[in-house]
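The values are calculated or read from the model by the stated rules, or taken from the named source; none is laboratory data. Note that this is a predicted model, so its numbers are computed, not measured. Cβ placement follows ideal geometry from the backbone for every residue including glycine, while neighbour counts extend to all protein chains displayed. To get the accessible areas, we keep the full protein, side chains included, count just its heavy atoms, and leave off ligands, DNA and RNA. Shrake-Rupley method; radii C 1.70, N 1.55, O 1.52, S 1.80 Å.
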Amino acid sequence: MSAHGSPYASGPPSRRGDHAPKGANSLRRTSDRCEYWFRRILMVVLVLGLPAAAVSAGLTAYAASMRTVRAQAAERHQVTARLTTGVKSDDDRAKRPAQVRWTDANGVVRTGAALVKPGTPKGATVRVWVTREETVTSPPASALNATTTGWMVGGMAAFGVAAGSYAAWAGIRLVLDRRRYAQWDAEWDLVEPQWSARFRR
């Protein structure tokens, strides 16, 4: 048989897929394409949305905390008070509540309970924070508290975006995999009788 009539063409064999469009894949299913594009969208969300959400949430929380800091600073002030009862000294260094007395700007004697160090004797002077109504309160928040809050909220927002993206990715994978398994089962129900018949001959 001549080379012309040979069933095998002369010369190097053509490469597989030479006639297929660029990027085409006959084995790629619709679900594979959906998964591919959904993954790309999630990557865009992570690259752009994660830092945007973190910065926006952090700055918003910082601004709100700074308003609280300024409001507390305007409403609270320190006074010098004297202990009316002593605080026993022990191994625990945590502050204990004790009765204190002070005189406000109008000359009115005030009393209240404040946290003082263990071992502070009766009659000792301490600095306590009070409100405009001359009620003992906690120290006002500081700018450091506002900064810490901003960082924490920003970090939580970033984690939320990342966790949401992962959950969306896991969810779409679960849905697509269930659909693929259903398609495979349906196709196997059509093919399996033909394969079984070959072995029964």
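Work out how much length T60 to T125 would gain on full extension: take 0.36 nm times their residue separation and subtract the Cα-Cα distance, in nm to one decimal.
That pair, T60 and T125, stretches by 19.4 nm at full extension.
For the range 94-201, state which GluC sites (Glu not before Pro) are in a DSSP loop and have at most 13 other beta carbons lying within 10 Å of their beta carbon.
Taking the range 94-201 and a limit of 13 other Cβ atoms within 10 Å, the loop GluC sites (Glu not before Pro) found are E133.
In the full protein assembly as shown, how much of S65 is accessible to a 1.4 Å probe, in Å² to the nearest 10?
Around 20 Å² of this residue is reachable by solvent.
Tabulate in residue order the Karplus-calculated ³J(HN,Hα) for the range 39-53, using 6.51 cos²θ - 1.76 cosθ + 1.60 with θ = phi - 60°, rounded to whole Hz; enter x for Gly and Pro.
Here the 3J(HN,Hα) series is 5, 5, 5, 5, 5, 5, 4, 5, 5, 9, x, 4, x, 5, 5 Hz.
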